[in-house]
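The values are calculated or read from the model by the stated rules, or taken from the named source; none is laboratory data. Quick caveat, the model's predicted, so the values are computed rather than measured. Note: ideal-geometry Cβ built from the backbone for every residue, glycine included; neighbour counts use all protein chains shown.
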Amino acid sequence: MRGLMQQVPLTLRMMLERAATLYPSKTVTTKTASGLHRETYGELAERVGRLASALSGLGITPGDRVATAAWNSYRHLELYLAVPCMGAVLHTLNIRLHPDQLAAIANHAEDRIVFVDTSISGAWQKVSGLKTVREVVWMDDVGGVGLAGGGGSYEELIASGSPDFAWPRLDEDAAAAMCYTSGTTGDPKGIVYSHRSSVLHALTLLFADCMAMSERDVCLPIVPQFHANAWGAPYAALLSGASLAMTGRFMDPASVSQLVNEVGVTCSAAVPTVWFGVLQAIKAGQVDPSSLATLTRILCGGAAVPEALMRGFDELGIQVIHGWGMTETSPIGTTASVKSTVPPSQALRARLTQGLPLPLLKVRLVNDAGEVQAWDGESMGELQICGPWVADAYYDPDRQDGRGGLDRFCDDEVGNRWLRTGDIAVIDPEGYVRLVDRTKDLVRSGGEWISTVELENCLMAHPKVAEAAVIAIEHPKWGERPLACVVALTESAVAKEELIDHLAGHFARWQLPDDIVFLAEIPKTSVGKFDKLALRRRYASHQPPTR
């Protein structure tokens, strides 16, 4: 017997229609060089229709890839809606990548048109060898600066279209968007999100134990829109009726705090480094903490949240919600809400884990022998995840079915499809996931594993440390040993011995770094994570002192 329920496709057009019908006066506010630009959701819907109409006039058809190279803005949001809702595929290009890498990704995705912010025109004009891109459309975010190399104007394109675009009825499994991984361990890999996966993922941000976004909120997604669809926050805002605030290219602590104050931001999403910068600016007297008076919660992920960051915002009455995910998981996979069964004395410990799998997702740990590990808080294994917004293949245009990278996925005996994340983790009996390390970052010393993540978290809990990254360096006897790379707070001097003594209170002697080097800045990847590959190259021949 089958259920007698309507078969309504889950598509992104639902979000557009809901925002325009129920919340036409809600706004998306973008910080620009000339001040704040405000657009209501009613105006947004009209411009989205014009954009889809104009794209159709340019020959864009269902399945065609339309790329963006842009910061967070109302124009980028319009593309987030127009492109997938007309049946084409939005491909967000990571503008922090090298020009050669951008060209390779655009060619691999077979992009037809690219929309580019004028503030990055200099970097974009270094991109050469594009094989399928036939047109560039410029989005003026600098105030009318002339451009070399041709290309159309976004506003002229919008004006040429009709707001009464005839939206097609789409299959919910049709491709909606593409995003490529950051490629720190090899070539970037393409993830293709469906309409269904994007809608379900956006719904998770409305859960009370996730971001709890509602119509009463003003959401500030500082996560770049080119990074895993800005974690789905723009779509969640449209679904819930929350207003949006966009930073544009202005993501320094003063600009972020000013935007929070002027727009009344209540919730935000970003990597820890963004909010750590704001916290440091507050402590240095450069930012007034009262400017964050409306902010209640921050979804933080992309890297482990240091305890000092969480405690610092707790003191301001702002909740930091630790999350974990990957480009392959759309990206949110877990969030660290505190279960009612967790004793108050253990609440902070739970909040500092990567958290619990979100509803509809399942996780497991598998060791090198292929054995599923117990949730006992001690047994380690590779974290694997499955669910309706988790990829089950990478995009490969050279294969007839477009499905590649299948070695990163596995099926179990009951038909679950598991993504092998490459993260080493433990899971406690309550279900909290705690990452121990990436498989590529673990230090393998004398047959034992040393977690670089745990060393980093402990170092960053020291009051004189701003950032810390730990890498493995070769050792003639032990195979590998840990090296700590530390950025001290500008007003504080700290000695190696002081940090080693600090670590010694938490780790066995054999787990301590053989040396500590001080840097002005730890290199970051294109999405703001510590670039350990760059550090390993820099210190490949480093010889620590004898201790």
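Name the residues in the stretch 103-128 that are closer than 14 Å to R65 by Cβ and assigned to a helix (DSSP H, G or I), would you? Result: I105, A106, N107, H108, A109. Just so you know, in the stretch 478-534 the residues that are within 30 Å of the chain's Cα centre (by Cα) and among the polar types (S, T, N, Q) include one that is nearest to A230 (Cα to Cα), and it is S526.
W449 meets each of the listed conditions (1) closer than 20 Å to Q511 by Cα; (2) within 25 Å of the chain's Cα centre (by Cα); (3) surrounded by fewer than 21 Cβ atoms within 10 Å (Cβ to Cβ) apart from (2). If the condition is being among the β-branched types (V, I, T), modelled with pLDDT of 95 or more and in contact with an Asp or Glu (Cβ under 9 Å, 6 or more places away or on another chain), then the stretch 84-104 contributes only V89.
Here's the yes/no breakdown for (1) of a type in the set (V, I, T); (2) closer than 22 Å to G325 by Cβ; (3) surrounded by 13 or more Cβ atoms within 10 Å (Cβ to Cβ); (4) at pLDDT below 95:
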| site | (1), (2), (3), (4) |
| --- | --- |
| Q373 | no, yes, yes, no |
| D376 | no, no, no, no |
| M380 | no, yes, yes, yes |
| Q384 | no, yes, yes, no |
| V390 | yes, yes, yes, no |
| D398 | no, no, no, yes |
| G404 | no, yes, yes, yes |
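Only residues that are free of Cβ contacts under 8 Å to residues at least 12 places away in the same chain, exposed (fewer than 11 other Cβ atoms within 10 Å of the Cβ) and either under 25 Å from L259 (Cβ atoms) or of a type in the set (F, W, Y) (or both) were counted across the stretch 1-40, and they come to 1. The listed residues are F207, F226, and the only one of them that is in a loop (DSSP other than H, G, I, E, B), modelled with pLDDT of 95 or more and aromatic (F, W, Y) turns out to be F207. The criterion of at least 1 residues that are charged (D, E, K, R) and under 29 Å from A20 (Cβ atoms) is met by the following helices (runs of 4 or more DSSP H) wholly inside the stretch 235-330: 253-263.
Can we say T30 is farther than 18 Å from S198 by Cβ and in contact with a Ser or Thr (Cβ under 6 Å, 6 or more places away or on another chain)? Judged against the criteria, T30 is a match.
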